[in-house]
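A quick write-up on the structure given underneath.
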Amino acid sequence: MMKQVLLLLGISICMFACGTGKRNNQTENLNADSITNTAKPGWQVFVNKQLVLQSNTEDPAANSKTVKANDLFTGNGLQITYTEEPDAKLNRSYIIMDNNRRELFRTENTKQPINGAELKKAIGDQNTIVLYTVAIPSDPALAATVRVRPVHLCTLILQ
């Protein structure tokens, strides 16, 4: 009888010690996740060299801005600057869509602003455009296994 009590006590102590270790491990993982979330990639949207939006959260309500159409259709037009981790090996595209998610314009060039004349031709008489980005790994084998989702960057309401 005494052996059974000692065995039960030993098992209980072992289970308690293992459970405590897991809880500490989970807390460490939560702290690591919160650090990662604060260092998320971000983006800036410029219209005619004027900063319109700077963000790192995908929030269609908060990331909606009103701009003058004349500013958007100038020579400097629209530029999107996206910051990501230095080791990110991605092919990034920027897509301009209308409210019905119909693609109006796409570019992979992130260094140069999108010319206003090109934007005017692509956008036409749309009053609202939505900017998205898509990132595909540059490694073809990895790209074939990844499911891609457009990330909402900004909604521009044209006046």
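The values are calculated or read from the model by the stated rules, or taken from the named source; none is laboratory data. Everything quoted here is computed from the prediction, not taken from an experiment. For accessibility, only protein heavy atoms count, side chains too; no ligands or nucleic acids. Shrake-Rupley method; radii C 1.70, N 1.55, O 1.52, S 1.80 Å.
Our coupling estimate for the range 136-152, obtained by passing each phi through the Karplus curve with A = 6.51, B = -1.76, C = 1.60 and θ = phi - 60°, is 10, x, 6, 6, x, 5, 6, 4, 5, 9, 9, 8, 9, 10, x, 9, 5 Hz, Gly and Pro reported as x.
Database remark: amide H of F105 closer than 5 angstrom to the amide H of I96 (H placed geometrically; neighbours at sequence offset of 5 or more, or on other chains; Pro and chain starts carry no H).
Across the alpha-carbon set of the range 88-159, the Rg to Rh ratio works out to 1.02, Rh being the Kirkwood radius.
Residues R92, R147, ordered by accessible area of protein heavy atoms at a 1.4 angstrom probe radius and largest first, appear as R147, R92.
Summarising the amide proton neighbourhood of G77: residues at separation of 5 or more, or on other chains, whose placed amide H is nearer than 5 Å comprise N48, G116. For the range 97-102, the Karplus equation 6.51 cos²θ - 1.76 cosθ + 1.60, evaluated at θ = phi - 60°, returns couplings of 10, 8, 5, 8, 6, 8 Hz by residue, with Gly and Pro reported as x. Residues in the range 67-84 carry Karplus couplings, in order, of 9, 7, 4, 4, 5, 5, 9, 7, x, 7, x, 10, 9, 10, 10, 10, 9, 9 Hz; the curve used is 6.51 cos²θ - 1.76 cosθ + 1.60 with θ = phi - 60°, and Gly or Pro positions show x. Under a 5 Å amide H cut-off, with hydrogens placed 1.01 Å from N, L53 pairs with V45 among residues at least 5 apart or on other chains.
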